[in-house]
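Asks: So that we are looking at the same thing, I have put the structure below in structure tokens.
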Amino acid sequence: MSPGSVLQPVLKMKVDELFLCWLSQPATQLTLKDCLRSIKNEERFEIGNEDSGNGKNERFASKNSNPKQCVLGDTRLPLMSFSPPQLSTTLPLATPASPRNVSNIRATRRPSGTRVVQTKKEETLPPSLSQNIPTFYFPRGCPKEKVNIDAVIAKIERTFSEFPNERATLEDMGKVAKACECPLYWKGPLFYCAGGERTGYVSVHKFVAMWRKILQTCYDDAAKFVHLLMNPGCNYLVQDDFIPFLQDVVNSHPGLSFLKEASEFHSRYITTVIQRIFYTVNRSWSGKITCNELRKSNFLQNVALLEEEADINQLTEYFSYEHFYVIYCKFWELDTDHDLYIDRKDLARHNDHAISNRMIERIFSGAVTRGRKAQKDGKISYADFVWFLISEEDKKTPTSIEYWFRCMDLDGDGALSMYELEYFYEEQCQKLDNMAIEPLPFEDCLCQMLDLVKPQCEGKITLHDLKRCKLTNVFFDTFFNIEKYLDHEQKDQFSMMRDGEGESQEISDWEKYAAEEYDILVAEEAASDQWNDGYEAELNPIDHQKANVLKYQMEKRPFFEMPSHLADVDLDEYDYEEDFE
């Protein structure tokens, strides 16, 4: 703008602003609705004037006229014409300058004029649509048609009548759980929710009041289980909520009877099971298990199987002691100072330094760990190691894919760029050079990975792309696990495709790894006992645990089932001539 020019207000903009302000007022909108309804229903208005000498009433019908203005009270509202409009840039005035401006309408406004308007019939509005939509959201389960609560309560009261003073201890709660039509190992949550932890027993009146409330508000097993374990005022479960329930399983399950003598390992086993529960069930990574997440999982089915399966190791998804034994032994080997925390150097020694240093840095950055100890002190706990080991050995599950995707997504934009892939592949190339192996150029490797994953968007790989891929383990190992990367390179491509297509396999990669490692640990312990030949050396706690468990496990596993290096020899291909010459 030139220095001498003067600001000129734009009149149309101000007028438009005032018009919109007037149009947005509730009174204006109500009046407009009434006018439009009158026009639609072809209602007639009678406008009279007491002061006019002839007392003439003027009538008009909206369908036969071209209404420009509707006079209601002291307000005159311009209406949109239904005939082809005359374009004009001027704002319609509230009062016409001349009566000739309005066709077919002659109404003169006078100070003492009166108005007679024909009474309008109120239209009956149709009923709200929400009344016809059935309820479809049931956060506490879908209510059943008819549940005879009184019959259930009567059965519970008969069960309590068998106990002294109608009081049930924790040992008696198995019968009460059956009376409530619950799995046996709900007995611990039932006992603690009724206040038995404070007094050591549960009275019939307190238990009946508690269970009646649950039956009236919770309609499926997931809602009932969450209500039994959750803290007051919450509608979700955190990790500590599972401790009393799992402690009762440790104390009473026949498959864990040998663990009673090693009470110092109760908390380690419980921690392992809790982490496996949240690893599988808590799909939102929130640290809070909701009814919906529990309902979608198979955890409650596994809890019911605790009663039917005496061998705890058959429940491989959550409760297997063999799996706990493998995880804890692997952690104990890395935790040199045995403070139940490991740092970057400790984790780097896992599997003979197979994991790249850049990936270890990402694990300790807090991308996949809970709490701030990893960032503050540079250490991760045993609970974090459980997530790491399961994700490392089975990269095909949804949680493990999310685990490693979080680690590789450096900028947190929800996609893996070519830069991020190259960042991790650089260290793989350095390791291959140190092993005197010529690495594949990144461009060629990138083409292979893109052909493997087949991303929907060019130039980036999303989490959805990886979950659709059947060989995510090959993808992840290529960028941060040198040992497994070389194993994949030596395998036939068609065999890997067959392994990836075997989605309906009965045993997962983690279960294969845990079974193999457990057999190796048991065999090493047996060999160690043979070399000792009765020598009682001072053992550390993990050695004590190995010795205690070994006796129990060897009774169940025949000696000929233990692995041997001769088991892999094909006798048909073995060359006997050289041995006999």
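The values are calculated or read from the model by the stated rules, or taken from the named source; none is laboratory data. Here the structure is a predicted model, which means the values were calculated and not measured. Please note: Cβ atoms are built from the backbone with ideal geometry, for glycine as well, and neighbour counts cover all protein chains shown. Side chains included, ligands, DNA and RNA excluded: accessible areas come from the protein's heavy atoms. Shrake-Rupley method; radii C 1.70, N 1.55, O 1.52, S 1.80 Å.
Asks: Since D339 meets every condition but one in (1) assigned to a loop (DSSP other than H, G, I, E, B); (2) open to solvent by 30 Å² or more (accessible area, probe 1.4 Å); (3) in contact with a helix residue (DSSP H, G or I) (Cβ under 7 Å, 6 or more places away or on another chain), which condition does it not meet?
Replies: Just one mismatch for D339, condition (3).
Asks: Considering the range 277-298 alone, what residues qualify as being part of a helix (DSSP H, G or I), open to solvent by 10 Å² or more (accessible area, probe 1.4 Å) and either of a type in the set (S, T, N, Q) or in contact with a helix residue (DSSP H, G or I) (Cβ under 7 Å, 6 or more places away or on another chain) (or both)? Steps first, answer last, please.
Replies: Residues of the range 277-298 that are part of a helix (DSSP H, G or I), as a first pass: 277-281, 291-296.
So of that shortlist, the ones also open to solvent by 10 Å² or more (accessible area, probe 1.4 Å) come out as 279-280, 291-293, 295-296.
Correct list: Y279, T280, C291, N292, E293, R295.
Asks: Give the residue that is farthest from F405 (Cα to Cα), with candidates limited to residues of the range 420-448 that are among the charged types (D, E, K, R) and surrounded by 11 or more Cβ atoms within 10 Å (Cβ to Cβ). Before the answer, list the steps.
Replies: The initial filter retains those residues of the range 420-448 that are among the charged types (D, E, K, R), namely 420, 422, 426-427, 431, 433, 438, 443-444.
Narrowing further to those that are surrounded by 11 or more Cβ atoms within 10 Å (Cβ to Cβ): 420, 422, 426-427, 431, 433.
On the way: E420: 11, E422: 15, E426: 18, E427: 18, K431: 22, D433: 26 Å.
The extreme case among them is D433.
Asks: Something else: Working only within the range 390-410, note down all residues that are outside any helix (DSSP H, G or I) and over 16 Å from the mean Cα position of the chain (by Cα).
Replies: The answer is D394, K395, K396, D409, L410.
Condition check ((1) of a type in the set (A, V, I, L, M); (2) modelled with pLDDT under 95; (3) over 26 Å from C291 (Cβ atoms)) across all residues:
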position: F138; (1), (2), (3): no, yes, no
position: N148; (1), (2), (3): no, yes, no
position: R167; (1), (2), (3): no, yes, yes
position: F191; (1), (2), (3): no, no, no
position: A194; (1), (2), (3): yes, yes, no
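Asks: Which of the residues spanning the range 209-250 are within 21 Å of S286 (Cβ to Cβ), assigned to a helix (DSSP H, G or I) and of a type in the set (A, V, I, L, M, F, W, C)?
Replies: Going residue by residue through the range 209-250, those that are within 21 Å of S286 (Cβ to Cβ) are 222-223, 225-243, 245-246.
After this cut, where a residue has to be assigned to a helix (DSSP H, G or I) as well, the list is 222-223, 225-229, 239-243, 245-246.
Passing the criteria: A222, A223, F225, V226, L228, L229, F242, I243, F245, L246.
Asks: Filter the range 356-389 for residues that are outside any helix (DSSP H, G or I), in contact (Cβ under 8 Å) with a residue 60 or more places away in the chain and open to solvent by less than 50 Å² (accessible area, probe 1.4 Å) and give the result. Write out each step before concluding.
Replies: Keep residues of the range 356-389 that are outside any helix (DSSP H, G or I), which gives 356, 364-372, 377-381.
Filter again for in contact (Cβ under 8 Å) with a residue 60 or more places away in the chain, leaving 356, 370.
Selection gives S356 alone.
Asks: Looking at the range 204-223, can you tell me whether even one residue there is without any contact (Cβ under 8 Å) to a residue 40 or more places away in the chain, open to solvent by less than 10 Å² (accessible area, probe 1.4 Å) and within 26 Å of Y279 (Cα to Cα)?
Replies: Looking through the range 204-223, none of the residues is without any contact (Cβ under 8 Å) to a residue 40 or more places away in the chain, open to solvent by less than 10 Å² (accessible area, probe 1.4 Å) and within 26 Å of Y279 (Cα to Cα).
Asks: Please go through (1) without any contact (Cβ under 8 Å) to a residue 60 or more places away in the chain; (2) open to solvent by less than 50 Å² (accessible area, probe 1.4 Å) for H353 and return the number of the only condition it doesn't satisfy.
Replies: Among (1) without any contact (Cβ under 8 Å) to a residue 60 or more places away in the chain; (2) open to solvent by less than 50 Å² (accessible area, probe 1.4 Å), the lone unmet condition for H353 is (2).
Asks: Being surrounded by fewer than 19 Cβ atoms within 10 Å (Cβ to Cβ), of a type outside the set (S, T, Y) and touching a helix residue (DSSP H, G or I) at 6+ places or on another chain (Cβ under 6 Å) narrows it down to one of K175, K187, so name that one. Can you show your working first?
Replies: Details: K187 fails: surrounded by fewer than 19 Cβ atoms within 10 Å (Cβ to Cβ).
Matching residue, one of K175, K187: K175.
Asks: Got at least one residue in the range 463-473 being open to solvent by 20 Å² or more (accessible area, probe 1.4 Å), farther than 16 Å from E392 by Cβ and not basic (K, R)?
Replies: Taking the range 463-473 first, the residues open to solvent by 20 Å² or more (accessible area, probe 1.4 Å) are 463-464, 467-468, 470, 473.
Pick out the ones that are also farther than 16 Å from E392 by Cβ and you get 463-464, 467-468, 470.
Next, only the ones that are not basic (K, R) stay: 463-464.
Within the range 463-473, one or more residues are open to solvent by 20 Å² or more (accessible area, probe 1.4 Å), farther than 16 Å from E392 by Cβ and not basic (K, R).
Asks: Further, regarding this structure: Any idea which of A367, A383 is within 17 Å of D335 (Cβ to Cβ) and among the small types (G, A, S)? So that I can check it myself, show each step before the final result.
Replies: Details: A367 fails: within 17 Å of D335 (Cβ to Cβ).
Selected residue: A383, the only one of A367, A383 that is within 17 Å of D335 (Cβ to Cβ) and among the small types (G, A, S).
Asks: Let me spell it out: the conditions are (1) within 18 Å of C291 (Cβ to Cβ); (2) open to solvent by 40 Å² or more (accessible area, probe 1.4 Å); (3) not in a helix (DSSP H, G or I), and C182 meets all of them except one. Which number is the exception?
Replies: Answer for C182: the failing condition is (2).
Asks: Would you say R362 is closer than 19 Å to I401 by Cβ and basic (K, R)? Step through it out loud before you land on a result.
Replies: Values: closer than 19 Å to I401 by Cβ: yes; basic (K, R): yes.
Considered against the rule, which asks whether it is closer than 19 Å to I401 by Cβ and basic (K, R), R362 comes out as yes.
Asks: I'd like to verify a number: residues in the range 314-336 that are open to solvent by less than 10 Å² (accessible area, probe 1.4 Å) and more than 21 Å from E516 (Cα to Cα), how many?
Replies: 1
Asks: Restricting the range 8-35 to residues that are assigned to a helix (DSSP H, G or I) and either in contact (Cβ under 8 Å) with a residue 12 or more places away in the chain or of a type in the set (S, T, Y) (or both), which is most open to solvent (accessible area, probe 1.4 Å)? Steps first, answer last, please.
Replies: First, pick out the residues of the range 8-35 that are assigned to a helix (DSSP H, G or I): 11-23, 26-35.
Of the ones still in play, those that are also either in contact (Cβ under 8 Å) with a residue 12 or more places away in the chain or of a type in the set (S, T, Y) (or both) are 12, 15, 19, 28, 31-32, 34-35.
Working: K12: 121, V15: 41, F19: 80, T28: 9, T31: 38, L32: 38, D34: 45, C35: 3 Å².
Checking each candidate, the answer is K12.
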